[in-house]
1. Can you tell me which residues in region 255-268 are more than 20 Å from the chain's Cα centre (by Cα) and either of a type outside the set (Gly, Ala, Ser) or in a helix (DSSP H, G or I) (or both)?
2. Tell me which residues, restricted to region 134-185, are basic (Lys, Arg) and farther than 18 Å from Arg227 by Cβ.
3. Might you check whether a residue that is part of a loop (DSSP other than H, G, I, E, B) and touching a Ser or Thr at 6+ places or on another chain (Cβ under 6 Å) occurs anywhere in region 204-214?
4. In this structure, does Thr223 turn out to be in the same structural domain as Arg175 (by TED's automatic domain parsing), assigned to a helix (DSSP H, G or I), among the β-branched types (Val, Ile, Thr) and surrounded by fewer than 17 Cβ atoms within 10 Å (Cβ to Cβ)?
5. Just wondering, is there one or more residues in region 206-214 that are surrounded by 19 or more Cβ atoms within 10 Å (Cβ to Cβ) and either in contact with a strand residue (DSSP E or B) (Cβ under 8 Å, 6 or more places away or on another chain) or of a type in the set (Asp, Glu) (or both)?
6. Just one of Leu338, Leu319, Leu294 is surrounded by 16 or more Cβ atoms within 10 Å (Cβ to Cβ), outside the structural domain of Ser99 (by TED's automatic domain parsing) and either aromatic (Phe, Trp, Tyr) or free of Cβ contacts under 8 Å to residues at least 40 places away in the same chain (or both); which is it?
7. Look at region 118-164 and say how many of its residues are part of a loop (DSSP other than H, G, I, E, B) and within 25 Å of Gly69 (Cβ to Cβ).
8. Scanning region 226-235 for residues that are in a loop (DSSP other than H, G, I, E, B) and in contact with a Phe, Trp or Tyr (Cβ under 7 Å, 6 or more places away or on another chain), which turns out surrounded by the most Cβ atoms within 10 Å (Cβ to Cβ)?
Amino acid sequence: MLRSFARTFASSGIFVLLPVFVQAQAFSFSIGTASAAPGQKSTGYLEVPAGVDAATNIPVIVINGEKRGPVLALVSGAHGTEYTSIVAVEELINVLDPSQIAGTVILVPLVNIQSFEQKVPHLNPVDSKSMNRFYPGKADGTQTERASFVITKQVVDRCDYLIDYHGGDLDESLRPYAYWAPTGKETQDQISKRMVLAFGLDHIIIWRDRPTDLAATRYLDNTSTARGKPSIVVEAGYAGTVEREDVALLVDGTFSAMRALKMLSGDPRPIENPVWFDRVVDIISDGPGIWYPLVKRGSYVQEGMKIGFVTDYFGKRILEARAPVSGVILHINALPSLKKGDNIADIGAIAAHAP
């Protein structure tokens with residue numbers, strides 16, 4: 001799960017897609033070892049060379065439409081046990097038809113292969129770093145930093161729009177939601193807002209406090225946004241499960257967003273009255289113990305309400321977790337195991353006004 005802290009942002013409700021961000025695509029498109037002519041689909045790898053640690057190859061797919069249009073990047077698997085988002089992008093590889101697409105789609109279904117294969121949540125086990133915290137990366141860094149560098153150069157710099165897919169990790173019981181990060185650039189913000197509404201997830205976090213230094217953008221979507229490219233984050237799936245309903249949210253949402261971008265024919269199906277959050281508050285464990293939740297993902301809670309408790313290994317209660325704000329449980333720890341510093345829950349504080 002991608003965690004953030006955000007504040008209220010107010011902007012115009014007018015959504016107009018302008019061609020300023022669009023690269024007309026009419027020729028073969030190559031990325032990594034994948035190359036596709038118009039009307040073709042190709043698979044290959046983003047090759048991350050060895051450095052202070054091992055090399056890795058990240059799967060990449062190019063679907064090059066028969067018609068001119070923009071370049072859209074779809075990226076998942078930065079956290080390799082957020083399975084629903086990975087499966088959803090894998091499904092998109094098969095169902096997106098280049099004969100129906102205007103433009104080009106770059107799909108990166110699994111960034112963190114080692115996390116996926118070893119069932120390690122949150123981090124890349126090669127260097128113990130999150131693969132969504134070190135953008136734009138470094139050519140001479142550890143594997144995570146080198147992979148981030150390659151993705152920045154070959155995916156972010158080549159696309160016009162980007163969608164970053166996440167979900168509940170093995171220890172996170174998460175309800176679906178999205179992030180929208182306004183920049184203050186009116187045209188770019190109108191497009192990214194249209195994208196997030198078209199995607200259709202009914203809970204949206206307004207994420208305004210973002211790094212602005214291009215050399216330290218940290219997150220994938222922020223790296224794209226800071227470079228002037230409308231981008232959003234979407235999350236579905238929880239605690240290692242792959243439910244058809246959650247996969248469909250991400251697949252159908254992608255189709256709708258692509259219609260909003262005029263990359264597929266037909267009209268998008270935007271969410272009309274989403275719940276907007278102006279900040280997200282973490283509840284953190286101050287020591288090890290056994291976690292007993294009293295509420296579920298998606299629950300509405302009041303400030304001060306008890307949401308669970310922690311015992312020591314003799315069954316003695318050592319912590320009562322209470323909601324520091326009123327709002328919605330966006331995710332709650334799914335496992336009994338806790339250590340100091342673990343995230344117990346995230347609560348979204350509902351914005352007073354829609355942006």
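1. Lys262, Met263, Leu264, Asp267, Pro268, listed by residue number.
2. Arg146, Arg175
3. Within region 204-214 (the criterion being part of a loop (DSSP other than H, G, I, E, B) and touching a Ser or Thr at 6+ places or on another chain (Cβ under 6 Å)), the answer is yes, since at least one residue qualifies.
4. For Thr223, the condition - in the same structural domain as Arg175 (by TED's automatic domain parsing), assigned to a helix (DSSP H, G or I), among the β-branched types (Val, Ile, Thr) and surrounded by fewer than 17 Cβ atoms within 10 Å (Cβ to Cβ) - is not met.
5. Looking through region 206-214, at least one residue is surrounded by 19 or more Cβ atoms within 10 Å (Cβ to Cβ) and either in contact with a strand residue (DSSP E or B) (Cβ under 8 Å, 6 or more places away or on another chain) or of a type in the set (Asp, Glu) (or both).
6. Values: Leu338 fails: either aromatic (Phe, Trp, Tyr) or free of Cβ contacts under 8 Å to residues at least 40 places away in the same chain (or both); Leu294 fails: surrounded by 16 or more Cβ atoms within 10 Å (Cβ to Cβ).
Residue meeting the stated conditions: Leu319.
7. Start the filter on region 118-164 by keeping residues that are part of a loop (DSSP other than H, G, I, E, B), which leaves 119-123, 125-128, 130-134, 136-142, 155, 159-160.
Filter once more, keeping what is within 25 Å of Gly69 (Cβ to Cβ): 155, 159-160.
Qualifying residue count for the region: 3.
8. Quick first cut of region 226-235, residues in a loop (DSSP other than H, G, I, E, B) only: 227-230.
Still in the running and in contact with a Phe, Trp or Tyr (Cβ under 7 Å, 6 or more places away or on another chain): 229-230.
Values: Lys229: 22, Pro230: 28.
Going through the qualifying residues, I end up with Pro230.
The values are calculated or read from the model by the stated rules, or taken from the named source; none is laboratory data. Since the model is a prediction, treat every value here as computed from it, not as a measurement. We place every Cβ from the backbone using ideal geometry, glycine too, and count neighbours over all the protein chains shown.
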